[in-house]
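Asker: Let me begin by handing over the structure; questions about it come next.
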There are 2 protein chains.
Amino acid sequence: MNAGIVNVGIIGFGTVGSGTAKILIENAVLIRRRTGADVRLKRIADLDVTRDRGIKLAPGVLVPDANAVLNDPEIGVVVELMGGIHPALEFIKSALKNGKHVVTANKQLLAEKGAEIFALAREKNRVVAFEAAVAGGIPIIKVLRESLSCNNILSIHGIINGTSNYILTKMTREGMSFQDALKEAQRLGYAEANPAFDIEGVDTAHKLTLLASLAFGIPLSFDRVYKEGITRITAEDILYASELGYKIKLLAVTKVVDGGIELRVHPTMIPEDFLIARVDGVLNAVMVTGDYVGETMYYGRGAGDMPTGSAVVSDIIDIATGRQTAGSCGIAAPDGEKFAIRDMKDVVSMYYFRFSAIDKPGVLSRISGVLGSHNISISAVIQKERREGEAVPVVVLTHKAREEDVVEAVGEIDKLNVVSENTRFIRVEGKE
Amino acid sequence: MNAGIVNVGIIGFGTVGSGTAKILIENAVLIRRRTGADVRLKRIADLDVTRDRGIKLAPGVLVPDANAVLNDPEIGVVVELMGGIHPALEFIKSALKNGKHVVTANKQLLAEKGAEIFALAREKNRVVAFEAAVAGGIPIIKVLRESLSCNNILSIHGIINGTSNYILTKMTREGMSFQDALKEAQRLGYAEANPAFDIEGVDTAHKLTLLASLAFGIPLSFDRVYKEGITRITAEDILYASELGYKIKLLAVTKVVDGGIELRVHPTMIPEDFLIARVDGVLNAVMVTGDYVGETMYYGRGAGDMPTGSAVVSDIIDIATGRQTAGSCGIAAPDGEKFAIRDMKDVVSMYYFRFSAIDKPGVLSRISGVLGSHNISISAVIQKERREGEAVPVVVLTHKAREEDVVEAVGEIDKLNVVSENTRFIRVEGKE
């Protein structure tokens, strides 16, 4: 396909669809001059053919029927930007069966149904490209698949959900409650009316699933990702974290430990002098550590019409110039490498605990006694106001401990008659 | 060349040569499984065939004569890792003439003689790949050439000389003098016995030359880069910068201003809450702003055997898999785009001045009078100790001003009888 004409059809004319169309129209000449690829936007399918997206299209380009894209023999690349599982899955399969390459930003679909899609792509000898599915404009897929391909990847830590990061940043900077920060994010269009996927860690887990498969050659393993969102983080936790020198971020973590792979998404305390702790607002960043390259980080806008559109178009160009070829997606087949995925209970981490203690003499000793009996040793304690008989927060930072021990210890502590509410804990990354 | 056997010959078995050889030997299986490329290290040429680099080579692999690499018909990719202009230039030209692809980490050679090399590569239809030439393990070449290729690049700001960044970090954190920090860097192997290229901004300018050509399609323009190193930065300047909320970094800057391109390397004050201001020690980072993708940043180790080796091997894999093809280097031909390169005198920036004033009444008024007469307005002043009749530092931060005006104003001020030493100034990036 090198240097020929490539006709592109887009399915889904929403935010990312509009950004992609705009780039293809505005920068066709630039793209041709730089890459030799003559990329032409031939058709866009969307049920809504009337809304003004501020983009001037020739008559007949925007149509309501996806089949006008899927069945057009002149279209070589189908760009799926509608999101969700159905009918995006059916459209992508239809495109592959019709011999078309596919570009998609649909992390949910790939994370949950990717095995089926990539198997069909291999069978049909077609590309399924997905740079835009993780971290918007940040080229993390290409970095993992190409730039770092001679490295054994040791770990990935990502802030890859802009909504959650915006909410946590608001809570940190302005002392807002979670609910108020969420409302603010919704008002600004950073959070959807139903924000569950973002704030419950599901969106982050979708993206982590793709990154881990690329990094470690494991099959897509969305069901095996531990998922915990930010809904229970309080302004109080953020204050205590700050006092201890940490920021709280929703982090996607995957790493090799004892020959197995950890896959987890949860609020995480990160030392505030770590570079990734400085990534605020809707910005995203992915830290990748390889055995040769060492620690690297990639930072930018993880969402939005133009940054995500930029990533979509980079995939189209890679297909048009032959840089991405069938089978080069990097996602492992289901019979791929046999790294075991580690259970959450075996994760070893430092922990932050916030106990709601009835302030009586000996409370701390009883709590620390339970912790000690589960091999959890304390590195720092904050206990401030002392109002005898009332519940007061006791904050404890631990040395490295095992998740299973932590869960058991918390279960025991929450049954103590000197503890009035369920204990909250947050995992802590970084220095020990 | 897709999926076939690729025989590699390395010229130069120093730091990066050893790292590259190690990766190719250790990870041949990983590379083949991930990319389909069967990359074999066939020969290494170095005058020193006796020193132990800690790498076990089969007999006959290490030879003293570069011709054993250049003239071997089985070798498809020649990796030039000796550095310097001669004989690296002759070796690369010989390799291209013999029909071999070339991978090099030699920024000096490409920045100064690249036009000749890339012209020959085009003529011979061969690749000259150079990911390792800028920012070591950070894949900034691929990002600019591929990932962001649909963007009009607006600006690049880079910390791309680890030696200078290490020295400035030491001066900042420990209040060291420039000379002491340089000695420490030499002791640790971060600075060469002759550190001129690093601390005078020449190495940074070599790298900036390559980045600007990729970003803006301009011919390689090393001679047009404004170069100012860090040798005149004092611990005092760093203290004042800190007091004003800034860090001092040796920054490579290229951006589009009024349809022209700025190309400049100089110590720069950056607001300390900017992410790039947090990039310390020998670490590198490159911020790239594109019209669609917005602000992005890439961070990692800019030097060292393994990180740079990782970048070299990524180029070898790209050639072996056909992802990099002749003519795709992205460096403009000398008859490329006609962006004008802007003169340094037309640069508009904020400025930090440190005047050595004889502390008499009215000194500040005379200095600010001269500044005002050159359209330079003051945003902050620090004047601390007052010992009448002695020289005291007067520190001034300005609003945006034109370099030409600044140079003229400083010339006038340095002639005032109330000023005892030449005025120092540092350009300031960021918020106004």
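Asker: Taking B:ALA21, is it at pLDDT below 95 and surrounded by 23 or more Cβ atoms within 10 Å (Cβ to Cβ)?
Answerer: Considered against the rule, which asks whether it is at pLDDT below 95 and surrounded by 23 or more Cβ atoms within 10 Å (Cβ to Cβ), B:ALA21 comes out as no.
Asker: Right, next: Is at least one residue of segment B:36-57 under 17 Å from A:CYS150 (Cα atoms), in contact with a Ser or Thr (Cβ under 6 Å, 6 or more places away or on another chain), part of a loop (DSSP other than H, G, I, E, B) and of a type in the set (A, V, I, L, M, F, W, C)?
Answerer: Checked against the condition, which is being under 17 Å from A:CYS150 (Cα atoms), in contact with a Ser or Thr (Cβ under 6 Å, 6 or more places away or on another chain), part of a loop (DSSP other than H, G, I, E, B) and of a type in the set (A, V, I, L, M, F, W, C), segment B:36-57 yields at least one hit.
Asker: Checking B:ASN106 against (1) surrounded by 24 or more Cβ atoms within 10 Å (Cβ to Cβ); (2) more than 16 Å from B:SER18 (Cα to Cα); (3) not aliphatic (A, V, I, L, M), which test does it fail?
Answerer: Condition (2) is where B:ASN106 drops out.
Asker: Here is a follow-up. Residues of segment B:344-363 being in a helix (DSSP H, G or I) and closer than 28 Å to B:VAL225 by Cβ, which ones?
Answerer: Within segment B:344-363, B:MET344, B:LYS345, B:ASP346 qualify.
Asker: Inside segment A:262-276, can you point out the residues that are surrounded by fewer than 22 Cβ atoms within 10 Å (Cβ to Cβ) and of a type in the set (A, V, I, L, M)?
Answerer: Passing the criteria: only A:LEU275.
Asker: Also: Condition first: loosely packed, with under 15 Cβ neighbours inside 10 Å and within 30 Å of the chain's Cα centre (by Cα). Can you find one or more residues in segment A:52-62 that meet it?
Answerer: Yes: one or more hits.
Asker: For B:TYR246, all conditions in the list (1) farther than 21 Å from B:TYR166 by Cβ; (2) at pLDDT 95 or above hold save one; what is the number of the exception?
Answerer: Among (1) farther than 21 Å from B:TYR166 by Cβ; (2) at pLDDT 95 or above, B:TYR246 violates only (1).
Asker: Something else about it: Taking into account only those residues within segment A:381-415 that are in a loop (DSSP other than H, G, I, E, B) and at pLDDT below 95, which is nearest to the chain's Cα centre (by Cα)?
Answerer: Of everything passing the filter in segment A:381-415, A:LYS384 is nearest to the chain's Cα centre (by Cα).
Asker: From the residues in segment B:109-139 that are more than 18 Å from A:SER149 (Cα to Cα) and in contact with a Phe, Trp or Tyr (Cβ under 8 Å, 6 or more places away or on another chain), which one is surrounded by the fewest Cβ atoms within 10 Å (Cβ to Cβ)?
Answerer: B:GLU112
Asker: If you go through segment B:104-136, how many residues are touching an Asp or Glu at 6+ places or on another chain (Cβ under 9 Å) and closer than 25 Å to A:SER310 by Cβ?
Answerer: Count: 3.
Asker: Of A:ILE31, A:ILE92, which residue is among the hydrophobic types (A, V, I, L, M, F, W, C), within 24 Å of B:LEU148 (Cβ to Cβ) and surrounded by 17 or more Cβ atoms within 10 Å (Cβ to Cβ)?
Answerer: A:ILE31
Asker: Go through segment A:177-192 residue by residue and tally those that are of a type in the set (Asp, Glu) and assigned to a helix (DSSP H, G or I).
Answerer: Selection size over segment A:177-192: 2.
Asker: Against the conditions (1) more than 19 Å from the chain's Cα centre (by Cα); (2) among the β-branched types (Val, Ile, Thr); (3) surrounded by 17 or more Cβ atoms within 10 Å (Cβ to Cβ), where does B:ILE230 fall short? Just the number, please.
Answerer: (1)
Asker: Residues that are more than 8 Å from chain A (Cβ to nearest Cβ) and under 21 Å from the mean Cα position of the chain (by Cα): list the strands (runs of 3 or more DSSP E) wholly contained in segment B:246-328 that include at least 2 such residues.
Answerer: B:246-257, B:260-271, B:283-290
Asker: Can you spot a residue in segment A:165-176 that is assigned to a loop (DSSP other than H, G, I, E, B), modelled with pLDDT of 95 or more, surrounded by fewer than 24 Cβ atoms within 10 Å (Cβ to Cβ) and within 14 Å of another protein chain (Cβ to nearest Cβ)?
Answerer: The answer is no; no qualifying residue exists.
Asker: Something else now. What are the residues in segment A:27-40 that are within 22 Å of B:GLY294 (Cα to Cα) and more than 9 Å from chain B (Cβ to nearest Cβ), if any?
Answerer: Within segment A:27-40, A:ALA28, A:VAL29, A:ARG32 meet the criteria.
Asker: Looking at A:ARG427 and the list (1) under 30 Å from the mean Cα position of the chain (by Cα); (2) farther than 30 Å from A:ALA133 by Cα; (3) buried (at least 19 other Cβ atoms within 10 Å of the Cβ), which single condition is not satisfied?
Answerer: For A:ARG427, the exception is condition (2).
Asker: Could we say that A:VAL347 is surrounded by 19 or more Cβ atoms within 10 Å (Cβ to Cβ), within 30 Å of A:PRO219 (Cβ to Cβ), in contact (Cβ under 8 Å) with a residue 40 or more places away in the chain and not polar (S, T, N, Q) here?
Answerer: Numbers: surrounded by 19 or more Cβ atoms within 10 Å (Cβ to Cβ): yes; within 30 Å of A:PRO219 (Cβ to Cβ): yes; in contact (Cβ under 8 Å) with a residue 40 or more places away in the chain: yes; not polar (S, T, N, Q): yes.
When the stated conditions are applied, A:VAL347 passes them.
Asker: Could you tell me which of the residues A:SER213, A:SER242, A:SER164, A:SER177 is over 29 Å from A:ALA380 (Cβ atoms), touching a residue at least 40 places away in the same chain (Cβ under 8 Å) and either of a type in the set (S, T, N, Q) or touching a helix residue (DSSP H, G or I) at 6+ places or on another chain (Cβ under 8 Å) (or both)?
Answerer: A:SER213
The values are calculated or read from the model by the stated rules, or taken from the named source; none is laboratory data. Everything numeric here is computed off the predicted structure, so don't read it as measured data. Every residue, glycine among them, receives a Cβ derived from its backbone with ideal geometry; neighbour counts consider all protein chains shown.
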